[in-house]
Amino acid sequence: MNILGISGALRKASTNTGLLRAMKEMAPAKVTVEVATLHGIPLFNEDDEAATGKPQAVRDLDARIRAADGIVIACPEYNFSIPGVLKNATDWLSRGGSPFRWKRVGIVGAGGGQFVGTARAQYHLRQNLQALQAITMPRPEVFVNHNEQKFDAAGNLTDDETRHHLAKWFESFLEWVEKKP
Ligand SMILES: Cc1cc2nc3c(=O)[nH]c(=O)nc-3n(C[C@H](O)[C@H](O)[C@H](O)COP(=O)(O)O)c2cc1C
C-alpha cells in the first residue's frame, strides 16, 4: 500500500512534517509512506491558470495524490484555521478535476501551547476537502498540542505517548484505506 503524506507547513523544522516522518518510521513493511511538501506552489491566480495552466509543482503533487492508495494531511493551525499555503494548494488542485475525488484521506495536526491541537483547522480542512470530493476518515483523530514539548528542535517527534497514539491512529487509518468499509 502506498500512502502519501502532505505537510501543510513549509518550515524546515515543522512538527507537522515531523508527524509524517514518524508515520513513515512506524509503517509496516507492506506500506510505503512518502512525504510531500507544498514548496514551489505559487499563489493561485486565475489569469496565470488561463495563460499557462497548472504550475509544475501542482501537477507533480496532483500525480502523486492520484497514485496514492491513501493520503494523510498534517495540518497546522494558523489563526484558528488552515494555513494559507495549504488552502492555496487545494484551490489549485481543485481545478480541472480534483485528484482527491473518492480518495481516502486522514487528517492529523500538531500545534503550539495549550491550544486545541489544531482541531479548529482540521475541521476547516474537512469542509474544504468535502468540496474536493475526498472521503475523510471520521475518527479516530490526532490533535497534538504543546508541540514545543513533544518534538525536538529539528521537528522530530520525541514524546512516547504521542507516538503511541499516532501509531494506533495510523493502524486504524491503514485498515480503513485497505478495507474501504
Ligand atoms: C501565523 C501563525 C498563527 C498561529 N495560530 C495558531 C492557532 O490559531 N492555533 C494554534 O494551535 N497554533 C497557532 N500557531 C502556532 C503553530 O501551531 C505553531 O507555530 C506550529 O509549530 C506550526 O506548525 P509547524 O511546527 O508544523 O510549523 C500559529 C503560528 C503562526 C505562525
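Readers should treat all values here as calculations from the given coordinates under stated rules, not as data from a laboratory. Since we're looking at a predicted model, the values are computed, not measured. Backbone-built Cβ (ideal geometry, glycine too); neighbour counts: all protein chains shown.
Could you say which residue among Asp62, Asp69, Asp91, Asp47 is surrounded by fewer than 14 Cβ atoms within 10 Å (Cβ to Cβ) and out of contact with any Asp or Glu (no Cβ under 6 Å at 6 or more places or on another chain)? Walk me through it before giving the result.
Values: Asp62 fails: surrounded by fewer than 14 Cβ atoms within 10 Å (Cβ to Cβ); Asp69 fails: surrounded by fewer than 14 Cβ atoms within 10 Å (Cβ to Cβ); Asp91 fails: surrounded by fewer than 14 Cβ atoms within 10 Å (Cβ to Cβ).
Answer to the check: Asp47.
Tell me, yes or no, whether the range 152-162 has at least one residue that is without any contact (Cβ under 8 Å) to a residue 60 or more places away in the chain, assigned to a loop (DSSP other than H, G, I, E, B) and among the hydrophobic types (A, V, I, L, M, F, W, C). Spell out the reasoning first.
Taking the range 152-162 as the starting set, the residues that turn out to be without any contact (Cβ under 8 Å) to a residue 60 or more places away in the chain are 152, 158-162.
Imposing the further condition that a residue be assigned to a loop (DSSP other than H, G, I, E, B) reduces the set to 152, 158-159.
Those still in the list that are among the hydrophobic types (A, V, I, L, M, F, W, C) too: none.
Looking through the range 152-162, none of the residues is without any contact (Cβ under 8 Å) to a residue 60 or more places away in the chain, assigned to a loop (DSSP other than H, G, I, E, B) and among the hydrophobic types (A, V, I, L, M, F, W, C).
Considering only residues that are within 9 Å of the ligand (Cβ to nearest atom) and out of contact with any Gly (no Cβ under 9 Å at 6 or more places or on another chain), which ones fall in the range 115-126?
Phe115, Val116, Arg120
Applying the selection to the range 127-143, what residues are within 16 Å of the ligand (Cβ to nearest atom) and of a type in the set (D, E, K, R)? Full working, then the answer.
Filtering the range 127-143 for residues within 16 Å of the ligand (Cβ to nearest atom) gives 141-143.
Correct list: Glu141 only.
Among the residues of the range 13-38, count how many are near the ligand (Cβ under 9 Å from one of its atoms) and over 16 Å from Arg64 (Cβ atoms). If you could, list the steps in order and put the result at the bottom.
Let us first name the residues in the range 13-38 that are near the ligand (Cβ under 9 Å from one of its atoms), namely 13-19.
Still in the running and over 16 Å from Arg64 (Cβ atoms): 13-16, 18-19.
Going through the range 13-38 one residue at a time, the tally reaches 6.
Residue check: is Arg126 basic (Lys, Arg), closer than 22 Å to Met23 by Cβ and in contact with a strand residue (DSSP E or B) (Cβ under 7 Å, 6 or more places away or on another chain)?
On the way: basic (Lys, Arg): yes; closer than 22 Å to Met23 by Cβ: yes; in contact with a strand residue (DSSP E or B) (Cβ under 7 Å, 6 or more places away or on another chain): yes.
Yes: the conditions hold for Arg126.
Between Lys30, Lys12, which is without any contact (Cβ under 8 Å) to a residue 60 or more places away in the chain and of a type in the set (D, E, K, R)?
Within the list Lys30, Lys12, the selection yields Lys30.
Of the residues Arg104, Arg139, which single one is under 16 Å from the mean Cα position of the chain (by Cα), crowded, with 16+ Cβ neighbours inside 10 Å and more than 18 Å from Ser14 (Cα to Cα)? Full working, then the answer.
Details: Arg139 fails: crowded, with 16+ Cβ neighbours inside 10 Å.
Of the residues listed, the single one that is under 16 Å from the mean Cα position of the chain (by Cα), crowded, with 16+ Cβ neighbours inside 10 Å and more than 18 Å from Ser14 (Cα to Cα) is Arg104.
Just the residues that are out of contact with any Phe, Trp or Tyr (no Cβ under 6 Å at 6 or more places or on another chain), closer than 23 Å to Asn45 by Cα and more than 16 Å from the ligand (Cβ to nearest atom), please, taken from the range 69-114.
Of everything in the range 69-114, those that are out of contact with any Phe, Trp or Tyr (no Cβ under 6 Å at 6 or more places or on another chain), closer than 23 Å to Asn45 by Cα and more than 16 Å from the ligand (Cβ to nearest atom) turn out to be Thr90, Leu93, Ser94, Arg95, Gly96, Gly97, Ser98, Pro99, Phe100, Arg101.
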